[in-house]
Amino acid sequence: MTAPFPPAAVPAAANLDALLRHFADLRDGRHGDAVSRSGKEELFRTAAGLLDPYARQALTELNEELLLGQGTLAATGVQRSDDGSLFHAWTLSWAEQRDGGIPPVTLYAHYGRGFHHPHLRGATVSEWPMNVFDDAQAAAELPTLRAIAAADLHNLVFERDFRIVPATVSGASGVPSGHAGHQH
């Protein structure tokens, strides 16, 4: 189940651009160009399809490098849960994980019933190891550091409101104004 690899050169601040779009959606009461739940669900289905090869790539790389090819990659496709939420999960399981009674490595896209827009998460993500002993190793952590910083800012917005981010305030960076609250 090897997927095509993404382009080699992704702009350094691409994750920050995505975060700014996220905050602007909160402010404007939209998700992309959709306002209705059905429109947002259609965008979720499209986004899950777009993410699929990259989620598979990330899990395949982990399987090949760390699980020595012994893992099994599975994907649910977009499904509706009993509470009306939408989700798409990609999992990587292996014998030792199953025998240990712990969840598989999971990439989870979900659009909760009461959420304003979709989110991504893992099964257990909260800590990342810091085994850095030279400059090359430090530089290799940049994507991880970016992801952690963006996730932290998102969580702070989740605790308060998008207005704690100056770039999303009306008139800043040319982003249109509108929505005044964060509804997850």
L43 open to solvent by less than 60 Å² (accessible area, probe 1.4 Å) and either among the aromatic types (F, W, Y) or part of a helix (DSSP H, G or I) (or both): yes
Complete set of residues in region 46-56 that are open to solvent by less than 60 Å² (accessible area, probe 1.4 Å) and among the polar types (S, T, N, Q): none
The one condition A149 fails out of (1) surrounded by 12 or more Cβ atoms within 10 Å (Cβ to Cβ); (2) touching a residue at least 40 places away in the same chain (Cβ under 8 Å) is (2)
Among (1) open to solvent by 30 Å² or more (accessible area, probe 1.4 Å); (2) assigned to a helix (DSSP H, G or I), there is one condition F87 misses while meeting the rest; what is its number? (2)
Condition check: closer than 20 Å to Y108 by Cα, modelled with pLDDT of 90 or more and either over 17 Å from the mean Cα position of the chain (by Cα) or open to solvent by less than 40 Å² (accessible area, probe 1.4 Å) (or both). Does L59 satisfy that? yes
For region 109-128, how many residues meet the condition of being surrounded by 12 or more Cβ atoms within 10 Å (Cβ to Cβ) and in a strand (DSSP E or B)? 6
Of the residues R27, R37, R80, R45, which single one is more than 18 Å from T124 (Cα to Cα) and touching a helix residue (DSSP H, G or I) at 6+ places or on another chain (Cβ under 7 Å)? R27
Within region 152-164, the count of residues that are loosely packed, with under 13 Cβ neighbours inside 10 Å and assigned to a loop (DSSP other than H, G, I, E, B) comes to 1
If you go through region 62-78, how many residues are open to solvent by 50 Å² or more (accessible area, probe 1.4 Å) and in contact with a Phe, Trp or Tyr (Cβ under 6 Å, 6 or more places away or on another chain)? 1
How many residues, within region 1-38, are at pLDDT 65 or above, open to solvent by 80 Å² or more (accessible area, probe 1.4 Å) and not in a helix (DSSP H, G or I)? 3
Looking at (1) outside any helix (DSSP H, G or I); (2) of a type in the set (A, V, I, L, M); (3) more than 30 Å from H31 (Cα to Cα), which is the one condition that is false for L62? (1)
The lone condition T106 fails out of (1) in contact (Cβ under 8 Å) with a residue 60 or more places away in the chain; (2) open to solvent by less than 50 Å² (accessible area, probe 1.4 Å); (3) of a type outside the set (D, E) is (1)
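The values are calculated or read from the model by the stated rules, or taken from the named source; none is laboratory data. Just so you know, these numbers come straight off a predicted model, no measurement behind them. FYI the Cβ positions are ideal-geometry reconstructions off the backbone, even for glycines, and counts take in every protein chain you see. Accessible surface is based on the protein model in full, side chains and every heavy atom, while ligands, DNA and RNA are left aside. Shrake-Rupley method; radii C 1.70, N 1.55, O 1.52, S 1.80 Å.
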